[in-house]
Amino acid sequence: MKTKEADGRQLVERLRARDPEAIDELVDQYSKPLFGVILNYTKNPSDAEEILQDTLLKIIHKIDTFREESDVWPWMRRIAINNGIMWLRKHRTRNERTTSLDELLPDFSREGEFAVPVYGWTVDPEEVYLNSELAGELYEAVQLLPFEYRIPLVLKDIEGYSIKQISSLLGLKEPTTKTRIHRARLVVRQKLADYFENRGQ
């Protein structure tokens with residue numbers, strides 16, 4: 001890890017010196033992970049590619065604002081996330097704007113309980129990382145969510161942002177953010193129920 005951080009600092013110094021080879025190195029080393037971050041917010045790889053190109057340009061142009069005492073990857077990732085969210089606000093389709101979450105949510109009884117049993121599950125991050133099938137199921141479930149629910153969920157459960165940070169980033173009140181994350185988790189839980197049932201959970 002220390003070697004990786006040291007390499008990152010050297011890359012920053014070379015980018016600040018406007019070394020052309022450093023730009024190539026930035027693209028080679030960070031395009032794939034940044035693309036993965038951005039793809040969590042878009043549903044379309046071609047959109048993610050467009051956002052990635054703009055993100056790389058912003059990283060190069062803003063490299064002088066990077067603080068030396070921190071690791072460069074979280075800084076780059078924040079730029080990618082902010083850039084992706086701003087892009088999506090401008091370009092998301094009318095269809096996605098009006099998609100209702102209600103049809104995706106599980107059914108409830110009058111007593112407020114699940115009408116059909118939803119199998120309990122807890123996702124171990126290491127299991128998701130090691131199990132490509134589970135990771136694929138989880139990704140597909142998240143991508144079914146409308147924009148206004150998908151983005152808060154990804155920021156909270158994948159990126160680890162706090163409710164306060166998410167609310168500030170998206171311009172939402174904190175109770176609204178909490179509600180959207182809760183409802184999004186219900187949808188994802190419902191969509192993954194069959195997967196966990198088949199695995200005997």
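We did not get these values from a lab; they are worked out from the coordinates using the rules stated. None of these values were measured; they are calculated from a predicted model. When we count neighbours, we look across all protein chains shown, and the Cβ atoms used for this are built from the backbone with ideal geometry, even at glycine.
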Could you tell me which of the pairs Lys62/Lys178; Lys43/Lys156; Lys58/Lys90; Lys32/Lys62; Lys32/Lys191; Lys90/Lys191 are separated by over 25 angstrom between their Cα atoms in the structure shown?
Lys62/Lys178; Lys32/Lys191; Lys90/Lys191
Scan the stretch 58-92 for trypsin sites (Lys or Arg not before Pro) in coil per DSSP, keeping those whose Cβ has at most 11 other Cβ atoms within 10 Å, and list them by number.
Arg67
Tell me the Kirkwood hydrodynamic radius of the stretch 17-75 in angstroms, computed as one over the mean inverse distance between distinct C-alpha pairs.
12.3
Counting other Cβ atoms within 10 Å, which GluC sites (Glu not before Pro) in the stretch 36-84 have at most 14 and lie in a DSSP loop?
Glu68, Glu69
Scan around Asn40 for amide H atoms under 5 Å from its own, H built in the peptide plane at 1.01 Å from N, and keep only partners 5 or more places away or cross-chain.
none
Most exposed to least, judged by fewest other Cβ atoms within 10 Å, Val154, Val27, Val12 sort to Val27, Val12, Val154
